[in-house]
Amino acid sequence: MRTTVGIIGAGPAGLLLARLLHNAGIDSVVLESRDREYVERRQRAGILEQGTVDVLRAAGAGARMDREGLRHDGIELRYDRKRHRVDFPALTGGRSVMVYAQTEVCKDLIALQLAEGGPLLFEAEALAVQGVEGAEGVEGAGSGGPRVRFRHEGREDVLECEYVVGCDGFWGVARTAIPAELTRVFERSYPFGWLGILADVAPSHDELVYARHDRGFALLSMRSPSVSRLYLQVPDGTDAEEWSDEEIWDELERRFETADGWKLDRGPVTQKSVTPMRSYVHEPMRYGRLFLAGDAAHIVPPTGAKGLNLAVGDVVTFARALTYEKETGSAELLDAYSETCLRRVWQAERFSYDMTTLLHRTPDATPFEDRLQLARLERIAGARSAETDLAEGYTGFPLE
Ligand code: APR
Ligand code: PHB
């Protein structure tokens, strides 16, 4: 098998990249280790920045999002039994976000790819990426071109490419093809995770609610006008089964409680799982003709809902750079890929870290730190400059 761009992984990064390349007249093959149903059901965050919405529309993948997605003009911060609404358009010159689940983005992109795009192979596991030598740049890379060895339908095969893009998530193999001596990893883990539920009940508030409480963080989000998505901060290593549905609702109620008598509506829980929290950046994001995109290169804690948006930024940057190379013969933008992406990645890392430490309670937090956290929240509620900084970060950092 032979193609221009070999894409490993059919999460949001790989699927959108295939679409962007198709639109630019560049062929690709997508290899995905899991089956279609698994990819379409995996629950992740569902907040699309304005820039992500624009990219999906321009790629011809925004029709259902525009019909079914929910435009949100703000979020609510809750602390000390008080509520403060952050008004995005007023603070950012008109920006907002779209609540449209990552599962739906994937479903739309898979349907388009199968109808109009190049090959998308499910249950095709990449085993190794080979022949990507070239720390100096794309031009200096091995003349034979990189190869992806993969297993599909019980046998091993090779995909010969001009470029390989590793969109294979945090647990993927692409990253391992970059020599360790050229790699730097920046990492932080947190002593807590999120216990998330999906529930068949209308969201109790029409915007997302981020709550800081002495018992820990809680988040109210939604999937549709009749499905709620809720999260509780839990200690690292918690098993979702340790919590009964009733205990979860009781704890959510405590953490969301306000002085003005706000009420949380309960409903049947249809899914329950724990998400670990980490910050992670792999530098560089390119080695020769191998490029990393999305979770394969970086992880953010979910508090800022940046994961999918960062993946979109990476693949847009790659698709533009490759289009430029095809049109002008210059590899300048491809060679700048890692630096270009990392500037935005680090802004998102900073924002996600700030949001996380603003709202979560670490097990060993001192009373001094508790007071500081409240002072930071009061500052956002009281000073337009601080509030604007949050609104700009939440609605997204522009693509270069
Ligand atoms: N071969 C083929 N596919 C693989 C391999 C492999 N060896 N290893 C992993 N994959 C697949 C996974 O099964 C998964 O479908 O790669 C895909 C990676 O997808 P994601 O983990 O969703 O990563 P990415 O596309 O970068 O997503 C970016 O969007 O889903 C949100 O918040 C989430 O931060 C994430 C972001
Ligand atoms: C979600 O809806 O799953 C979600 C929303 C916002 C976040 C994280 C997750 O910050």
Assess whether Trp171 counts as being over 19 Å from Asp27 (Cβ atoms), exposed (fewer than 15 other Cβ atoms within 10 Å of the Cβ) and hydrophobic (A, V, I, L, M, F, W, C). yes
Would you mind telling me which numbered condition in (1) open to solvent by less than 30 Å² (accessible area, probe 1.4 Å); (2) away from ligand 2 (no atom under 16 Å from the Cβ); (3) at pLDDT 95 or above Pro301 fails? (2)
Note on Ala45: of the conditions (1) closer than 29 Å to Gly154 by Cα; (2) within 7 Å of ligand 1 (Cβ to nearest atom); (3) of a type in the set (A, V, I, L, M, F, W, C), unmet is (1)
I'd like the full set of residues that are within 16 Å of ligand 1 (Cβ to nearest atom) and open to solvent by less than 10 Å² (accessible area, probe 1.4 Å), limited to segment 222-236. Arg229
Keeping to segment 112-124, report how many residues are free of Cβ contacts under 8 Å to residues at least 24 places away in the same chain and open to solvent by less than 50 Å² (accessible area, probe 1.4 Å). 0
When every residue in segment 1-55 that is among the polar types (S, T, N, Q) and surrounded by fewer than 24 Cβ atoms within 10 Å (Cβ to Cβ) is compared, the one modelled with the lowest pLDDT is Gln43
If Thr328 meets every condition in (1) within 16 Å of ligand 2 (Cβ to nearest atom); (2) of a type in the set (Val, Ile, Thr); (3) surrounded by fewer than 22 Cβ atoms within 10 Å (Cβ to Cβ) apart from one, which number is that one? (1)
Within segment 360-372, is even one residue within 27 Å of Arg184 (Cα to Cα) and acidic (Asp, Glu)? no
Test: Arg255 is among the basic types (Lys, Arg), open to solvent by 70 Å² or more (accessible area, probe 1.4 Å) and more than 22 Å from the chain's Cα centre (by Cα): no
Within segment 11-42, the residues that are farther than 22 Å from Ser273 by Cβ and more than 10 Å from ligand 1 (Cβ to nearest atom) are Ala18, Arg19, Leu20, Leu21, His22, Asn23, Ala24, Gly25, Ile26, Asp27, Ser28, Val29
Criterion first (open to solvent by 40 Å² or more (accessible area, probe 1.4 Å), touching a residue at least 24 places away in the same chain (Cβ under 8 Å) and of a type in the set (Ser, Thr, Tyr)) does Tyr353 satisfy it? yes
Can you pull out every residue in segment 210-221 that is more than 14 Å from ligand 2 (Cβ to nearest atom) and open to solvent by less than 30 Å² (accessible area, probe 1.4 Å)? Gly216
Given (1) under 30 Å from Lys326 (Cβ atoms); (2) charged (D, E, K, R); (3) more than 16 Å from ligand 2 (Cβ to nearest atom), index of the condition Arg34 fails: (1)
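Conditions tested, residue by residue: (1) away from ligand 2 (no atom under 16 Å from the Cβ); (2) open to solvent by less than 50 Å² (accessible area, probe 1.4 Å); (3) in the same structural domain as Val165 (by TED's automatic domain parsing).
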{"residue": "Arg57", "(1), (2), (3)": "yes, no, yes"}
{"residue": "Gly93", "(1), (2), (3)": "yes, no, no"}
{"residue": "Glu104", "(1), (2), (3)": "no, yes, yes"}
{"residue": "Ile110", "(1), (2), (3)": "yes, yes, yes"}
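The values are calculated or read from the model by the stated rules, or taken from the named source; none is laboratory data. All values derive from a computational prediction rather than experimental measurement. Cβ coordinates were reconstructed from backbone atoms using ideal geometry, including for glycine residues, and neighbour counts include every protein chain displayed. Quick note on the areas: whole protein, heavy atoms, side chains included, nothing else; ligands and nucleic acids left out. Shrake-Rupley method; radii C 1.70, N 1.55, O 1.52, S 1.80 Å.
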